[in-house]
Amino acid sequence: MSKVISIVNQKGGVGKTTTAVNLATYLARLGNSVLLIDLDPQGNASSGIGVNYRQVNKGIYHPLISDVPLKEVVVPTQVDGLSLAPASIDLAGARVELVDMETREFQLHNAILEIRHGYDYIIIDCPPSLCLLTLNGLVASDDVLIPVQTEYYALEGLGQLLETIELVRNNLKPELNILGAVMTMYDERNQLSNEVFKELYRYFPNKIFRTVVPRNVKLAEAPSFGKSIYDYAKKSPGAKAYERLAKEIIAHNAS
């Protein structure tokens, strides 16, 4: 049975897309069939894996808004075992077009139903806001993974995000599970990082991944080359961290 995981945080700049791209890459490198869905109109997950979303004719927008099957928009990537449902320039308008739809929160869920049997993991990169696209990502998912930057302001809005997830559970998807939080851009020399680490335990008792993603220049550089950290600098600390995270998630899924 495949596992659908949405990567969510309404705050930008916390490593959400970096986590989506590199987690999907390492899950595929470890022998799984993986689909990465770029649900963010900025298209960073698409460009980060080497696909120019501005040149995409059919992207995830089309299954959301029309009757186009999801399988028709999926494209291969340079990573063996990893496919992509890319963003496109139309996706920004989907937030408005979804409003009047009767099953607006279930559009992605229904699209995924037709293809999920073909993948071990489906990773959804959600927008950095609590909009209808993010709600679609949550309703379509089994689990939610929340990247949290180890800086004070990154904790702001976390309570609102958890309230939104609880609303989705109560009204739309009772079985939605918080897989946990993963700390990103961590600097062990920074006392504030350690304080944020402790504070996170208030929000996520027993649900913080042991893997901590360090602040790493190579992770920041890789997207500009359209490559995952594996393909750009697989011996870097950032690469090793995402490999560990993928192994943690595989172990969790097997338990």
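The values are calculated or read from the model by the stated rules, or taken from the named source; none is laboratory data. Since we're looking at a predicted model, the values are computed, not measured. Ideal geometry is used to build each Cβ from the backbone, glycine not excepted, and the neighbour counts take in all protein chains shown.
Conditions (1) at pLDDT 95 or above; (2) of a type in the set (Ser, Thr, Tyr); (3) closer than 22 Å to Asn52 by Cβ, marked per residue:
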position	(1), (2), (3)
Pro69	yes, no, no
Asp90	no, no, yes
Val96	no, no, no
Val99	no, no, no
Asn110	yes, no, no
Cys131	no, no, no
Gly137	yes, no, no
Ala140	yes, no, no
Val144	yes, no, no
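Mind checking which residues of the range 33-81 are among the small types (Gly, Ala, Ser), at negative phi and assigned to a loop (DSSP other than H, G, I, E, B)? Break it down into steps so the answer makes sense when it comes.
Taking the range 33-81 as the starting set, the residues that turn out to be among the small types (Gly, Ala, Ser) are 33, 43, 45-48, 50, 59, 66, 81.
This time we only want the ones that are at negative phi, so: 33, 45-48, 59, 66.
Within the range 33-81, Ser33, Gly59, Ser66 qualify.
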**Item:** Residue that is surrounded by the most Cβ atoms within 10 Å (Cβ to Cβ), among those in the range 166-189 that are under 19 Å from Val14 (Cα atoms) and over 15 Å from the mean Cα position of the chain (by Cα)
**Value:** Met185
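In the list Val99, Val79, Val75, which residue meets the criterion of being surrounded by fewer than 24 Cβ atoms within 10 Å (Cβ to Cβ), free of Cβ contacts under 8 Å to residues at least 40 places away in the same chain and within 23 Å of Gly226 (Cβ to Cβ)?
Just a single option satisfies the conditions, and that option is Val75.
Can you find, within the range 190-237, the residue that is surrounded by the fewest Cβ atoms within 10 Å (Cβ to Cβ) among those that are of a type in the set (Gly, Ala, Ser) and assigned to a helix (DSSP H, G or I)?
Of the range 190-237, the ones of a type in the set (Gly, Ala, Ser) are 193, 220, 222, 224, 226, 228, 233, 236.
Filter again for assigned to a helix (DSSP H, G or I), leaving 193, 220, 222, 224, 233.
Details: Ser193: 20, Ala220: 14, Ala222: 24, Ser224: 10, Ala233: 19.
Checked the range 190-237; the qualifying residue surrounded by the fewest Cβ atoms within 10 Å (Cβ to Cβ) is Ser224.
Can you tell me which residues in the range 9-32 are of a type in the set (A, V, I, L, M, F, W, C) and either part of a helix (DSSP H, G or I) or more than 18 Å from Ala246 (Cβ to Cβ) (or both)? Break it down stepwise before answering.
Going through the range 9-32, the residues of a type in the set (A, V, I, L, M, F, W, C) turn out to be 14, 20-21, 23-24, 27-28, 30.
Those that are of a type in the set (A, V, I, L, M, F, W, C) and either part of a helix (DSSP H, G or I) or more than 18 Å from Ala246 (Cβ to Cβ) (or both): Val14, Ala20, Val21, Leu23, Ala24, Leu27, Ala28.
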**Message:** Scan the range 171-183 and tell me whether some residue there is out of contact with any Phe, Trp or Tyr (no Cβ under 9 Å at 6 or more places or on another chain), among the aliphatic types (A, V, I, L, M) and either modelled with pLDDT under 90 or part of a helix (DSSP H, G or I) (or both).
**Reply:** no
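So, Asp67, is that one in contact with a helix residue (DSSP H, G or I) (Cβ under 7 Å, 6 or more places away or on another chain) and either under 17 Å from Asp40 (Cα atoms) or not hydrophobic (A, V, I, L, M, F, W, C) (or both) or not? Explain how you work it out, then say what you get.
Details: in contact with a helix residue (DSSP H, G or I) (Cβ under 7 Å, 6 or more places away or on another chain): no; either under 17 Å from Asp40 (Cα atoms) or not hydrophobic (A, V, I, L, M, F, W, C) (or both): yes.
Spelling it out, it is not the case that Asp67 is in contact with a helix residue (DSSP H, G or I) (Cβ under 7 Å, 6 or more places away or on another chain) and either under 17 Å from Asp40 (Cα atoms) or not hydrophobic (A, V, I, L, M, F, W, C) (or both).
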**Fill in**
Across the range 102-116, the tally of residues that are farther than 17 Å from Asn171 by Cα and not in a helix (DSSP H, G or I) stands at 2
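Could you check how many residues of the range 154-163 are surrounded by fewer than 17 Cβ atoms within 10 Å (Cβ to Cβ) and either in contact with a Cys (Cβ under 8 Å, 6 or more places away or on another chain) or touching a residue at least 60 places away in the same chain (Cβ under 8 Å) (or both)? So that I can check it myself, show each step before the final result.
Quick first cut of the range 154-163, residues surrounded by fewer than 17 Cβ atoms within 10 Å (Cβ to Cβ) only: 156-157, 159-160, 162-163.
Subset that is either in contact with a Cys (Cβ under 8 Å, 6 or more places away or on another chain) or touching a residue at least 60 places away in the same chain (Cβ under 8 Å) (or both): 156-157, 160.
Result for the range 154-163: 3.
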**Message:** Can you confirm whether Val139 is over 18 Å from Leu27 (Cα atoms), without any contact (Cβ under 8 Å) to a residue 40 or more places away in the chain and either among the aromatic types (Phe, Trp, Tyr) or touching a Gly at 6+ places or on another chain (Cβ under 6 Å) (or both)?
**Reply:** no
